[in-house]
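The values are calculated or read from the model by the stated rules, or taken from the named source; none is laboratory data. This is a predicted model, so every value here is computed, not measured. A quick note on method: Cβ atoms are made from the backbone with ideal geometry, for glycine too, and the neighbour counts reach across all protein chains shown. Note: accessible area is taken over every heavy atom of the protein model, side chains too, but ligands, DNA and RNA are not part of it. Shrake-Rupley method; radii C 1.70, N 1.55, O 1.52, S 1.80 Å.
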Amino acid sequence: MKVAFAQSAPMNVESAARSQAIALAFSKNSNDEFIIEGPSQLVSTIAKHFDLALLDELSFFSPSGKAGELFEIPVSATDSETERIFFVGLGDKSLGSIRLAAAAVGRKVRGKNIKVFSACTDGVDELHAYAVSLSLGSYVWNLKSDKDVKFPEFLIATNDQETLDDAVVIAKAICTARDFVHTPSNIKNPSWLAKQAVDLGKEFGFEVKVLAGKELAQFGGLRAVGNSSPKPGPRFVELSYTPRSAKKNAGALEHVVLVGKGITFDTGGVSLKRPYDTMIAMKSDMAGAAAILATVCAISQLQPKIRVTALMMLAENALSGTSQRPSDVITHFGGTTVEVINTDAEGRLVLADGLAYADKNLDPDYVVDIATLTGAATLGLGRQYAAMYTRDNALAKELVAIGEASGDKVWHMPLIDDYQDSLESDIADFNHTADKAKYSAGSVTAALFLEKFVGDRRWVHLDIAGTARSEVDAGENPKGGTGFGVRLLTDWIMSL
Ligand code: BES
Ligand code: MN
Ligand code: ZN
């Protein structure tokens, strides 16, 4: 990862003048006049220092006022290293607009060795959003052999160190998830990812248990998919977070279990993906597992009084002599049998084991799974909203609100019981691809399948097939992994 994280700076013009660039924000008021936002005292001293009529300079560009619009002007003053001022549009000043504005500033200087001083935000939530998105916009990932990597440096004028520290924890966690998604599949096989989890557990102080080989005897879904790539084969990784202050009576705490789809590459298996270029994006098929791993990293630093267990279901869905066949019947954790119809519907098979394990062994108060599960989710909602399924309407409402505030937006989708008969099988408890009836609704029927494995638990399923990956370099996202889910899950857990 090549990305910078925000640091706090004193709210005075001397500290601004030590940066090569100063970012100021503007918006339009109800009379359609432009105004310069941010800490007003600081903004006016900056204007004085550089001898600028800021609004006149801005109006030269005839801004439209939309969020993320960015203009720059050259400046100079004695006793100053500042070479330019960025004006960035704050749109309607909502958190979403602030995120776009910050991402535009981050993007403007990514890969450049420039120090940027921002005087753009007042308010706690605004500062948090701005600081996170500054980093997201500047994020770069590649394996170029050129070692001469340049970074920007971000300074934000604020006295609120605590908010900034929390924002940096979140930004780092999102970038960790992105790094794993970007890593190519010849590197990130299941054992490599398990090793990353072990290393992060040591760094942040959470427990990590890895199961492999014979230890996976009961995990029929994970084995059926993952044995297609026998070296190194599938892994089950259990991450456990307990707050430092409550190690002794952890049993009394509420317990959240997260389950993540971690398919390190999805060829489709014997039901090979076609057309073949749809496969290239499938190195991202472990984005759910990456999101829960990164969430546990963030949670371990933020220390909420709650227990969190995360189950990474790691396997490659390869095409080989040991691939499962369409028509195989497998036995999941807990004994449910499933007829495999299309080996490209592998995600639900590995998740089913994780969900059943959570229900039977972990006594969770909440189970949340997150998975790049169906192309149908993208067809239905596009790439801005993840499909969220749950019978708990109150919980759904909370997650929708946290999604809007954090930037990881979710849409509450229906678990349509009329479609249950599509999961019937003549020879097993269920068939997994819901093709006994022609209902379409592939994301809905996948959710109905998963629900068979959660017992009576409070359960939420997040289908992030559309949101986990961006096909364009725009807004907060680079082309590739977005880190979707880290903000949503972390903010939700912190709210419990
Ligand atoms: N990993 C894919 C889903 C996916 C597709 C994610 C495109 C991101 C972008 C999943 O394993 C899959 O192949 N799903 C099938 C299910 C079908 C065979 C029932 C799908 O959605 O086509
Ligand atoms: Mn698949
Ligand atoms: Zn998949």
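Per-structure values
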{"read-out": "Long-range neighbours under 7 Å by Cβ, at least six apart or interchain, first residue farther than 16 Å from Leu272 by Cα within region 324-337, second outside any loop (DSSP other than H, G, I, E, B) and of a type in the set (D, E, K, R)", "value": "Val329/Glu339; His332/Asp353; Phe333/Asp353; Gly334/Lys360"}
{"read-out": "Filter result (open to solvent by less than 30 Å² (accessible area, probe 1.4 Å) and aliphatic (A, V, I, L, M)) within region 417-456", "value": "Leu423, Ala428, Ala434, Ala437, Val444, Ala446, Ala447, Leu448, Leu450, Val454"}
{"read-out": "Top-ranked residue of region 69-84 - restricted to ones that are in a loop (DSSP other than H, G, I, E, B) and touching a Lys or Arg at 6+ places or on another chain (Cβ under 9 Å), ranked as most open to solvent (accessible area, probe 1.4 Å)", "value": "Glu81"}
{"read-out": "Selected residue (only one of Ser19, Ser27, Ser8 is touching a Lys or Arg at 6+ places or on another chain (Cβ under 7 Å), in contact (Cβ under 8 Å) with a residue 40 or more places away in the chain, within 14 Å of Asp122 (Cα to Cα) and not in a helix (DSSP H, G or I))", "value": "Ser27"}
{"read-out": "Of the criteria (1) surrounded by fewer than 20 Cβ atoms within 10 Å (Cβ to Cβ); (2) modelled with pLDDT of 95 or more; (3) closer than 30 Å to Phe71 by Cβ, which one Ala167 fails", "value": "(1)"}
{"read-out": "Selection from region 85-117 of residues that are more than 22 Å from Ser8 (Cβ to Cβ), open to solvent by 30 Å² or more (accessible area, probe 1.4 Å) and over 24 Å from the mean Cα position of the chain (by Cα)", "value": "Asp92"}
{"read-out": "Residues of region 273-296 satisfying the condition of being more than 13 Å from ligand 3 (Cβ to nearest atom), surrounded by fewer than 24 Cβ atoms within 10 Å (Cβ to Cβ) and not acidic (Asp, Glu)", "value": "Arg274, Pro275, Tyr276, Ile280"}
{"read-out": "Unmet criterion (only one of (1) open to solvent by less than 10 Å² (accessible area, probe 1.4 Å); (2) within 16 Å of ligand 2 (Cβ to nearest atom); (3) β-branched (Val, Ile, Thr)) for Val367", "value": "(2)"}
{"read-out": "Residue that is surrounded by the fewest Cβ atoms within 10 Å (Cβ to Cβ) [pool: residues in region 457-480 that are among the small types (Gly, Ala, Ser) and more than 16 Å from ligand 2 (Cβ to nearest atom)]", "value": "Ala474"}
{"read-out": "Exclusive hit being buried (at least 24 other Cβ atoms within 10 Å of the Cβ) and part of a loop (DSSP other than H, G, I, E, B), set Gly269, Gly260", "value": "Gly269"}
{"read-out": "Tally of residues being within 16 Å of ligand 1 (Cβ to nearest atom) and outside any loop (DSSP other than H, G, I, E, B) across region 313-329", "value": "5"}
{"read-out": "Residue ID - most open to solvent (accessible area, probe 1.4 Å), chosen from residues in region 481-496 that are touching a Leu at 6+ places or on another chain (Cβ under 8 Å) and farther than 23 Å from Ala446 by Cα", "value": "Met494"}
{"read-out": "Residue match in region 47-63 (condition: in contact (Cβ under 8 Å) with a residue 40 or more places away in the chain, buried (at least 18 other Cβ atoms within 10 Å of the Cβ) and not basic (Lys, Arg))", "value": "no"}
{"read-out": "Test for Glu215: is it closer than 27 Å to Leu450 by Cβ, assigned by TED's automatic domain parsing to the domain that holds Asp353 and loosely packed, with under 14 Cβ neighbours inside 10 Å", "value": "yes"}
{"read-out": "Residue list for region 391-403, filter: open to solvent by 80 Å² or more (accessible area, probe 1.4 Å) and either within 21 Å of Thr467 (Cα to Cα) or basic (Lys, Arg) (or both)", "value": "Arg391, Lys397, Glu398"}
{"read-out": "Selection from region 252-287 of residues that are in contact (Cβ under 8 Å) with a residue 60 or more places away in the chain and acidic (Asp, Glu)", "value": "Glu254, Asp266, Asp285"}
{"read-out": "Extreme residue, nearest to ligand 1 (Cβ to nearest atom), among residues of region 333-363 that are under 15 Å from Gly455 (Cα atoms) and over 28 Å from the mean Cα position of the chain (by Cα)", "value": "Thr336"}
{"read-out": "Hits in region 370-390 - residues which are open to solvent by 30 Å² or more (accessible area, probe 1.4 Å) and not aromatic (Phe, Trp, Tyr)", "value": "Gly375, Ala376, Thr378, Leu379, Gly380, Leu381, Arg383, Gln384"}
{"read-out": "Hits in region 136-165 - residues which are acidic (Asp, Glu) and either assigned to a loop (DSSP other than H, G, I, E, B) or touching a strand residue (DSSP E or B) at 6+ places or on another chain (Cβ under 6 Å) (or both)", "value": "Asp146, Asp148, Glu153, Asp160"}
